[in-house]
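Trainee: The structure that follows is given in the form of structure tokens.
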Amino acid sequence: MTMNFEDAAFALAEVGRRIDARGWAPATAGNYSVRLADGSVAITISGKHKGRLTAADIMRVDLDGNPLTPGKPSAETGLHLALYHAFPEANAVLHGHSPQAVGLSRAVPDAREWVFRGHEMLKVFPGIATHETEIRLPIVDNSQDMAAIEAAVAPARLAPDAAPAYLIRSHGLYAWGRDLDEAERVLEGTEWLIAAELAELGFRNGMGR
């Protein structure tokens, strides 16, 4: 279900506080957006602390990134818009910077994906009804050029078993969904899976000493 701008601005401010409370939005990190009923996009203004957002910290852009209201949109607006173009069913995108997600991406510097297998939490992803499956989280190298990130990740995120999420190395996690609630579930579920995998790896390495 799509929103009008006023409802989206309120909802994005609320989700920003929840994400910040989990430690996934340090300083002014992160950016969030919602596709609106009129086809434009509500997105966080650049440089705003995500735990202190108000409706005034959200602006509108069109699907080409042109501002429709005052403000400077997130520097990563292009990555949000690329997801809306690629996935017509997606109506919300969330980007967090958890230490666990960043740590995993740095711990496997040559990996282009991380595969989650056998977790009950896999059922958080749309269309998955059993833990007896696997899902792939694409990993792409960081860049100050958003077009370079998009070109690198686009083929991987379109794979049939790819999560509705991807990880930018040394940067953070993108997640999307049919609405803001689904995007938040995907972000939270993926973060949980990353933390669980890191805990398992740490336990195994500790037992091996």
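The values are calculated or read from the model by the stated rules, or taken from the named source; none is laboratory data. Keep in mind it's a predicted model, so treat the numbers as computed, not measured. Please note: Cβ atoms are built from the backbone with ideal geometry, for glycine as well, and neighbour counts cover all protein chains shown. Ligands, DNA and RNA are excluded from the accessible area calculation, which covers all protein heavy atoms including side chains. Shrake-Rupley method; radii C 1.70, N 1.55, O 1.52, S 1.80 Å.
Trainee: Name every residue in region 143-161 that is surrounded by 15 or more Cβ atoms within 10 Å (Cβ to Cβ) and either assigned to a loop (DSSP other than H, G, I, E, B) or without any contact (Cβ under 8 Å) to a residue 40 or more places away in the chain (or both), in order of residue number.
Mentor: Residues satisfying the conditions are 143, 152, 153.
Let's see how each residue does on (1) of a type outside the set (Gly, Ala, Ser); (2) in a strand (DSSP E or B); (3) within 15 Å of residue 95 (Cα to Cα):
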position	(1), (2), (3)
121	yes, no, no
131	yes, no, no
184	yes, no, yes
188	yes, no, yes
206	no, no, no
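Trainee: Which residues, taken from region 70-109, are small (Gly, Ala, Ser), open to solvent by less than 10 Å² (accessible area, probe 1.4 Å) and under 15 Å from residue 42 (Cβ atoms)?
Mentor: Correct list: 90, 92.
Trainee: Of 70, 126, 109, which residue is assigned to a loop (DSSP other than H, G, I, E, B) and more than 29 Å from residue 159 (Cα to Cα)?
Mentor: Going through 70, 126, 109 in turn, the sole match is 70.
Trainee: Just one of 27, 42, 13 is open to solvent by 50 Å² or more (accessible area, probe 1.4 Å) and either in contact with a Ser or Thr (Cβ under 7 Å, 6 or more places away or on another chain) or within 24 Å of residue 171 (Cα to Cα) (or both); which is it?
Mentor: 27
Trainee: Of the residues that sit in region 121-141 and are in contact (Cβ under 8 Å) with a residue 24 or more places away in the chain and loosely packed, with under 14 Cβ neighbours inside 10 Å, which one is farthest from residue 186 (Cα to Cα)?
Mentor: So the residue we want is 134.
Trainee: Sort out which residues of region 162-180 are assigned to a loop (DSSP other than H, G, I, E, B) and hydrophobic (A, V, I, L, M, F, W, C), and write them in order of number.
Mentor: Correct list: 163 only.
Trainee: Residue by residue through region 47-67, note down the ones that are in a strand (DSSP E or B) and open to solvent by less than 20 Å² (accessible area, probe 1.4 Å).
Mentor: Those that are in a strand (DSSP E or B) and open to solvent by less than 20 Å² (accessible area, probe 1.4 Å): 58, 59, 61.
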